[in-house]
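A.B. asks: Here it is: the structure, laid out below.
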Amino acid sequence: MKLSTKLTLFISGSKLAIVGLFILLLPFLIRQIASNYTNFSLRSQQKKVIRNINSKGINYYLEGEDNYGSYTMLKDEYIALEIAAPDYKIDIIRDTKRIVEQDTIAYRVLSFTFHQNNKNYLLEIGKTNASINLYNAALQRFALYVLIILIALSIIIDLIFTRQLIKPLGQIIKLRLANTRFPFKKNRKNIQTTTQDFKYLDRSLISLMDQINEAFEKEREFTANASHEFMTPISILQNKMENLLTEELEPETIQEHIVDMMKTLERLKKISRALLLISRIENEQFSKQDQVEPKNLLNELVEEISHRLEEKNIHIEIDLKHNKIITCTNHDLLFQLFYNLVNNAIKFNRENGQILISDQVEKDSYSIQVSDNGQGIEPTEIPYIFDRFKKTGQAENTGYGLGLAIVKSIANYLNLHIKIDSAPGEGTRFKINF
Amino acid sequence: MKVLIIEDEKTLAYELEKFLRKAFFLCDLAHSFKQGAEKLELNQYDYILIDLGLPDGNGFDLLKKAKKSNPDAAYIILTARGKLEDRVAGLDMGADDYLAKPFFLPELQSRMQAIARRKFKVSEELLPLGLFNIDLQKRFVFFENEQIELSRKEFDLLSYLLLHKNRVLTRIQLSEHIWGNFADDDYDSNYIDAHIKNIRKKLNIYAPTEWLETVRGVGYRIRK
């Protein structure tokens, strides 16, 4: 799952969870608020009454009588003032019931005693519970609407912001990681971002890629230099042996030893040449301006390799149906690529085996397949067959193991895609996509 | 025929000299740009072999210089670099051939002979070989007046052996001449033997081929 999707889901989910919780708690909260507010309003009414009594005297209410009572019209609120027992003392707010004109009504009542003119008075201020909770439903609904709008707004803002925030990450992935082919092209433009972490990530990736490039460059240089430097000493040894060979040395076994030494030296020469070829391809020392007709190229190849085919009595069939011309390529490299593939198809084939070279056009892409019915490759070996000097365990006669490494570097250089299918005991198919 | 070998690697130069002397060339050695330039001023040569990587100068510059003092000589560039551009540049500057090190000595000689045929118009008519005659230019083998069909590779093999008559050529030397860089990495492969067998079979119909000898454990030789 993408990071932006995850963030979206998380933000929306967490907000909805909080809203859900809030909605569940809302009735309780509203009731709590209403109750607190009622208490507060009872208290402030009490203060008002006491203030009036202090300034205007108790008769302001009692008007000479022993008690005083007053109701609002719908009996929502009432106030009562009466003389209480001298040592009666109370100051609470509680829910209780009062009978008012034959109706029993639930009230929130503030009861408070105070002394005035040496008498103990009890003040009661009441508010019906019904009136306390009168606005709860409307309040709840209103709060809910506001909440939903706020949440929606905040989710939208969050999404826009996070999208903006992680945009550099997407750019880093696109520019540095996805679809980058080795060796990495020099694309040293830093990602524009103010986020320190992304800057750091981008810088680290660039420096990492630089390090890889540098290591690769060094390896390439080393391969080129080493294989090149081998040539002169090999040359000297080889020519010395050739001259020795013409000296008709006695006994004859000495000559045979020299030939054996030449064979070994030949091997060293081939390895150096192959490495030199790989490093030349990697250093892009070949032009890409040739036009090649696969049919001609492959016929040329079969003629070149016919002696190997005859040796194992292998039947080769070239079945090209499309008269395609490959442009912007290098004839020699392409030849080498197919030569190595066919050579492998022979090497790992059996007596009287078959090799088929055919072509295909699918969705504007042209491909040539080289398939054989030889010994095939174990699935576990397939990832390594293009590695240098990798020898597959099953074959004794693998040579020096650079043939497919050359194929790979040619394919990389000419932008060809190689696909390999193989089943042990049944054969191998290399598909080259142009 | 006089040959100047300009090669800074002394051991290699001596081996080249040793080989070419046996093939009846007169050899002169130069181990640096300076020595080479001096010898080119003083003497005229038929062949000049130039190593491109000289310690005190560029082989190409020496080639340019040599072309002035020895305009008629045949030039062969020897190099360990083996870059395609070098080959093109060398041939553009008037070199007659180009050999990447390491090369086999018979290969050098056959290149020199090929240049001689081309440049000095040394055209052997028909080369006799036992009771057969060989036309190297037109690539035919004749028995009396009858033309014998050999495949391209078979003819290459036969003419290469003939060019180096009385010398044993190993299978590696032969296969590299015929298949060049594509020569295979399977050393015990017997395809050279198969080709020799075919040549013998085709020629034996007409006359014996005892001149084509197998040298056990080494290779083949044409003895004349």
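A.B. asks: Which residue, of A:322, A:307, is closer than 24 Å to residue A:404 by Cβ and assigned by TED's automatic domain parsing to the domain that holds residue A:366?
C.D. replies: Numbers: A:322 fails: closer than 24 Å to residue A:404 by Cβ.
One residue alone meets the criteria, A:307.
A.B. asks: Among the listed residues A:330, A:340, A:415, A:352, identify the single one that is farther than 24 Å from residue A:220 by Cβ and either not assigned by TED's automatic domain parsing to the domain that holds residue A:273 or not β-branched (Val, Ile, Thr) (or both).
C.D. replies: Residue meeting the stated conditions: A:352.
A.B. asks: Let me ask you something else. For segment A:113-133, what are the residues that are crowded, with 20+ Cβ neighbours inside 10 Å and farther than 15 Å from residue A:62 by Cα?
C.D. replies: Those that are crowded, with 20+ Cβ neighbours inside 10 Å and farther than 15 Å from residue A:62 by Cα: A:125, A:126, A:127, A:128, A:132.
A.B. asks: While we're looking at this one, here's another question. For residue B:89, indicate whether it is open to solvent by less than 60 Å² (accessible area, probe 1.4 Å), part of a helix (DSSP H, G or I), touching a Gly at 6+ places or on another chain (Cβ under 9 Å) and modelled with pLDDT under 90.
C.D. replies: On the way: open to solvent by less than 60 Å² (accessible area, probe 1.4 Å): yes; part of a helix (DSSP H, G or I): yes; touching a Gly at 6+ places or on another chain (Cβ under 9 Å): no; modelled with pLDDT under 90: yes.
Taking the combined requirement at face value, the residue does not satisfy it.
A.B. asks: Filter segment B:127-177 down to the residues that are closer than 18 Å to residue B:109 by Cα, open to solvent by 70 Å² or more (accessible area, probe 1.4 Å) and among the charged types (D, E, K, R), then identify the one that is farthest from the other protein chains (Cβ to nearest Cβ).
C.D. replies: So the residue we want is B:165.
A.B. asks: On to the next question. Assuming residue B:67 fulfils every condition listed in (1) farther than 25 Å from residue A:276 by Cβ; (2) in contact with a Gly (Cβ under 6 Å, 6 or more places away or on another chain); (3) part of a strand (DSSP E or B); (4) not hydroxyl-bearing (Ser, Thr, Tyr) apart from one, which condition is it?
C.D. replies: (3) is the only condition that residue B:67 fails.
A.B. asks: A follow-up question, please. When only residues in segment A:274-304 that are closer than 18 Å to residue A:358 by Cα and aliphatic (A, V, I, L, M) count, which is surrounded by the fewest Cβ atoms within 10 Å (Cβ to Cβ)? Let's see the steps before the verdict.
C.D. replies: Of segment A:274-304, the ones closer than 18 Å to residue A:358 by Cα are A:292-303.
Adding the requirement that they be aliphatic (A, V, I, L, M) leaves A:292, A:297-298, A:301-302.
Working: A:292: 20, A:297: 19, A:298: 20, A:301: 22, A:302: 17.
Filtering segment A:274-304 for residues that are closer than 18 Å to residue A:358 by Cα and aliphatic (A, V, I, L, M), the one surrounded by the fewest Cβ atoms within 10 Å (Cβ to Cβ) comes out as A:302.
A.B. asks: Let me ask something additional. I need the strands (runs of 3 or more DSSP E) fully contained in segment A:301-413, keeping only those with at least 3 residues that are free of Cβ contacts under 8 Å to residues at least 40 places away in the same chain, away from chain B (no Cβ under 14 Å) and under 24 Å from residue B:151 (Cα atoms). Break it down into steps so the answer makes sense when it comes.
C.D. replies: Values: elements: A:315-319, A:326-329, A:354-362, A:365-372.
It comes to none.
A.B. asks: Residues to consider are A:340, A:323; find the one that is out of contact with any Lys or Arg (no Cβ under 7 Å at 6 or more places or on another chain), crowded, with 19+ Cβ neighbours inside 10 Å and not aliphatic (A, V, I, L, M). Before the answer, list the steps.
C.D. replies: Values: A:323 fails: crowded, with 19+ Cβ neighbours inside 10 Å.
Just a single option satisfies the conditions, and that option is A:340.
A.B. asks: Could you list, in sequence order, all residues of segment B:1-37 that are in a loop (DSSP other than H, G, I, E, B), free of Cβ contacts under 8 Å to residues at least 40 places away in the same chain and surrounded by fewer than 17 Cβ atoms within 10 Å (Cβ to Cβ)?
C.D. replies: Correct list: B:24, B:32.
One line per residue, one yes/no per condition, for (1) within 30 Å of residue A:29 (Cβ to Cβ); (2) in the same structural domain as residue A:7 (by TED's automatic domain parsing); (3) in contact (Cβ under 8 Å) with a residue 40 or more places away in the chain:
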position: A:155; (1), (2), (3): yes, no, yes
position: A:159; (1), (2), (3): yes, no, yes
position: A:163; (1), (2), (3): no, no, yes
position: A:169; (1), (2), (3): no, no, yes
position: A:176; (1), (2), (3): no, no, no
position: A:222; (1), (2), (3): no, no, no
position: A:228; (1), (2), (3): no, no, yes
position: A:231; (1), (2), (3): no, no, yes
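A.B. asks: OK, next. Take residue B:111 and decide whether it is assigned by TED's automatic domain parsing to the domain that holds residue B:190 and not hydrophobic (A, V, I, L, M, F, W, C).
C.D. replies: Details: assigned by TED's automatic domain parsing to the domain that holds residue B:190: no; not hydrophobic (A, V, I, L, M, F, W, C): yes.
It is false that residue B:111 is assigned by TED's automatic domain parsing to the domain that holds residue B:190 and not hydrophobic (A, V, I, L, M, F, W, C).
A.B. asks: Here is a follow-up. Any idea which of (1) at pLDDT below 85; (2) in a strand (DSSP E or B) is the one residue B:78 doesn't satisfy?
C.D. replies: (1)
A.B. asks: Would you mind stating whether residue B:40 is without any contact (Cβ under 8 Å) to a residue 40 or more places away in the chain, surrounded by fewer than 22 Cβ atoms within 10 Å (Cβ to Cβ), under 23 Å from residue B:71 (Cα atoms) and among the aliphatic types (A, V, I, L, M)?
C.D. replies: On the way: without any contact (Cβ under 8 Å) to a residue 40 or more places away in the chain: yes; surrounded by fewer than 22 Cβ atoms within 10 Å (Cβ to Cβ): no; under 23 Å from residue B:71 (Cα atoms): yes; among the aliphatic types (A, V, I, L, M): yes.
Against the criterion (without any contact (Cβ under 8 Å) to a residue 40 or more places away in the chain, surrounded by fewer than 22 Cβ atoms within 10 Å (Cβ to Cβ), under 23 Å from residue B:71 (Cα atoms) and among the aliphatic types (A, V, I, L, M)), residue B:40 does not qualify.
A.B. asks: Could you list, ordered by first residue, the pairs with Cβ atoms under 9 Å in which the first is in segment A:83-104 and at positive phi and the second is assigned to a strand (DSSP E or B) and open to solvent by 50 Å² or more (accessible area, probe 1.4 Å), at least 6 apart or interchain?
C.D. replies: What qualifies is A:101/A:71.
The values are calculated or read from the model by the stated rules, or taken from the named source; none is laboratory data. Everything quoted here is computed from the prediction, not taken from an experiment. We place every Cβ from the backbone using ideal geometry, glycine too, and count neighbours over all the protein chains shown. When the accessible area is computed, the model is the full protein with side chains, heavy atoms only, and any ligands, DNA or RNA have been set aside. Shrake-Rupley method; radii C 1.70, N 1.55, O 1.52, S 1.80 Å.
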